[in-house]
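First the structure, in the form of structure tokens, and then the observations on it.
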Amino acid sequence: MKRAVALTALLSLAVLSAPAASATASPAGRKADLGRQTLPANDGWAAEGTGTTGGAAAPASNTYTVSTRAQLAAALAAPAPKIIYVKGTIDTDRTCADYATGGYTLEAYLAAYDPAVWGRDTEPSGPLEDARAASAARQTANIKLKVGSDTTIVGLGKDARIRGVNLHIDKADNVIVRNVDFEDTADCFPQWDPTDGDEGNWNSLYDNISVTGSTHVWVDHNTFTDGDNPDSNQPLYFGRPYQVHDGQLDITNGSNHVTASWNRFADHDKTMLIGSTNNPATDTGKLKVTVHHNHFDNTLQRLPRVRFGQVHVYNNYYEIPDASTFVYALGVGVQSQIFAENNFFRLSRAVAPANLLYNWGGTSLTARGNVLRVGGPVTPLDLVAAYNAAHDPDLGTDAGWTPTLHTAIEPAPAVRESVSRHAGSGKIG
Ligand code: CA
Ligand code: CA
């Protein structure tokens, strides 16, 4: 009973200090113009130095309201600073059949590279692999849209959606993306690689949002799903899942100073990759990312997976209902420095808390204030102790830094409710 009383007290505290979406309504109760909003001071790594303002300072002539892929592409190519308002659903306006060229069909590809025919020692090559690559290049040209510096992309109202597009924030500084439902960025032409892992893998090219070589990026109050095309519905070919999706929000190639807040990531396999290579040349001292108040809802791995970066993961709500598909939550990669604080893990009974971490070649992380709920009461969770009790080598308990750029940190027991209620698109528009 003592615990229940203490938790109730913590919950009321959290309500009093509720940080959710506080900057979105004007005092008169009218909807604020999201396009003119900037990242609050101290709100994670994207607040470092000059902070993140996106296109908030754009003159009226540099504001665009877009409802088609072509309009979005044209607005993205226009001069900065700029604000792009997404109205309704943007689709890719082509089908997989429109991109296929050079004789590519999935049936022919499967016939050519069946391990019984091609073996397992070398990657596919030859006319059908060339046709696959040529077809993929046509899809890339249509769906991969580059986002430059000093740009804000915000959804209007509650139903702004971008489907099948890969937003590529590349070599840019100062970008904001908010209030958009990103859906099903499926690769029409996954590549078979028999040398990837013990049994081979199907690999796909596109994330919903890719952040490469970019700084000061704020990704806030968006939803990421695979729509009616979830990974769980894909067939097996050559005994392996036909994976048509890559990441939902991948941050790589020397990117730095990123805040991902109040997003909902749902029903997806590889969710958030921070750092894509163990080669230290580009990423050492970078990949500093804050991940807070996100809802990881039936996502299977990379929540996030980290290499190199000092990554503050706080006040996120992890909902892990299915032990048969779940892989891990936090990936502790090479030279990563994860600081995991006051997160709420809601697990089904069959999910072992020991498997919330996965060691991809890291040495330690700091974990404090996290809580666990498995049907019964909310209890404290020592992520590292749970991991170490079941795995070797052990992980250390000190990531070697203490975050200073953050806004109010809620007591972990309150996170389930605040994040369930406020995370995702359609909540602030
Ligand atoms: Ca990726
Ligand atoms: Ca151990």
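Once you charge only the Cβ atoms, +1 for Lys and Arg and -1 for Asp and Glu, what is the size of the charge dipole of region 26-161 about its Cα centre, to the nearest 20 debye?
It works out to roughly 760 debye.
Any idea how far the Cα center of region 271-337 sits from the one of region 183-257, in Å?
14
Using a 10 angstrom cutoff on alpha carbons, build the Gaussian network for the chain and name the most mobile of Asn298, Asn316, Asn233.
Among Asn298, Asn316, Asn233, the largest mean-square fluctuation in the Gaussian network model of the chain belongs to Asn233.
Could you work out how much longer the chain between Asn42 and Thr379 gets when fully extended? Use 0.36 nm per residue separation minus the Cα distance between them, nm to one decimal.
Difference between extended and current length: 118.3 nm.
Please work out how much length the chain gains when fully extended from Asp198 to Arg240, using 0.36 nm per residue of separation minus the C-alpha to C-alpha distance, in nm with one decimal.
14.0 nm
Among the complete DSSP H segments of the chain, which ones combine at least 20 Å of alpha-carbon extent along their axis with a mean Kyte-Doolittle hydropathy of 0.5 or more?
2-16
GNM, the chain, Cα, under 10 Å: largest mean-square fluctuation among Leu383, Leu236, Leu205?
Comparing Leu383, Leu236, Leu205 in the GNM, the peak value goes to Leu236.
Mind checking the dipole of region 266-375: about its Cα centre, +1 per Lys or Arg Cβ, -1 per Asp or Glu Cβ, Debye to the nearest 20?
That gives a dipole near 240 debye.
With a cap of 12 neighbouring Cβ atoms within 10 Å, and only residues DSSP puts in a loop, list the trypsin sites (Lys or Arg not before Pro) found in region 316-384.
For trypsin sites (Lys or Arg not before Pro) across region 316-384 that sit outside H, G, I, E and B with at most 12 neighbouring Cβ atoms in 10 Å, the list reads Arg349.
Output the relative contact order of the chain, whole-number percent, from Cα pairs under 8 angstrom with separation of 6+ residues.
Computed over the chain, the figure is 14 percent.
Mind ordering 320-326, 183-189, 255-261 by average Cβ neighbours within 10 Å, highest first?
Output ranking for 320-326, 183-189, 255-261: 255-261, 183-189, 320-326.
At 0.36 nm per residue, minus the direct Cα-Cα distance, what do Ala141 and Ala111 gain on full extension? Give it in nm, one decimal, please.
In short, 8.1 nm is gained.
Taking only protein heavy atoms into account and a 1.4 Å probe, give the accessible area per residue of region 2-422 in Å².
It amounts to 40 Å² per residue over region 2-422.
Would you calculate, for the chain, the mean residue ellipticity at 222 nm contributed by helices, counting each DSSP H stretch of 4 or more residues as -39,500 (n - 2.57) and dividing by all residues, to the nearest 500?
That comes out to -5000 deg cm²/dmol.
Mind pulling up the Rg/Rh value for the chain? Radius of gyration and Kirkwood radius, both on Cα.
0.97
When DSSP assigns beta bridges and you keep just the ones with both residues in the chain, what percent turn out antiparallel, to the nearest 5?
Among the beta bridges of the chain, antiparallel pairing accounts for roughly 10 percent.
Given a Förster distance of 30 Å, report the FRET efficiency between Lys158 and Ala73 from their Cβ-Cβ distance, rounded to the nearest 0.05.
0.80
Along the Cα→Cβ direction, 7 angstrom out, place labels at Glu123 and Thr101. What is the inter-label distance in nm?
Going from the Glu123 label point to the Thr101 one covers 2.1 nm.
Hey, with R₀ at 22 Å, roughly what FRET efficiency would Asp91 and Ala133 work out to, going by the Cβ-Cβ distance, to 0.05?
Computed FRET efficiency for Asp91 and Ala133: 0.35.
Can you tally the net charge around Arg305? Count Lys and Arg as +1, Asp and Glu as -1, for every other residue whose Cβ sits under 14 Å from the Cβ of Arg305.
Taking every other residue near Arg305 into account, the sum is -2.
What is the percent carbon and sulfur in the accessible area of the chain, measuring with a 1.4 Å probe over the protein chains and ignoring ligands?
After summing per-atom areas, the C and S share lands at 53 percent.
Taking a point 7 angstrom from the Cα of Ala352 along the C-beta vector, which residues in region 313-337 have backbone N less than 19 Å away?
Residues 320-332 fall inside that zone.
Using the Cα centre as the reference, give the magnitude of the dipole from point charges on the C-beta atoms of the chain (Lys, Arg: +1; Asp, Glu: -1; all else neutral), rounded to the nearest 20 debye.
1600
The values are calculated or read from the model by the stated rules, or taken from the named source; none is laboratory data. If you're wondering where the values come from, they're calculated on a predicted model, not measured in any experiment. Methodologically, a virtual Cβ is constructed for each residue, glycine included, from the backbone with ideal geometry; neighbour enumeration extends over all protein chains shown. When the accessible area is computed, the model is the full protein with side chains, heavy atoms only, and any ligands, DNA or RNA have been set aside. Shrake-Rupley method; radii C 1.70, N 1.55, O 1.52, S 1.80 Å.
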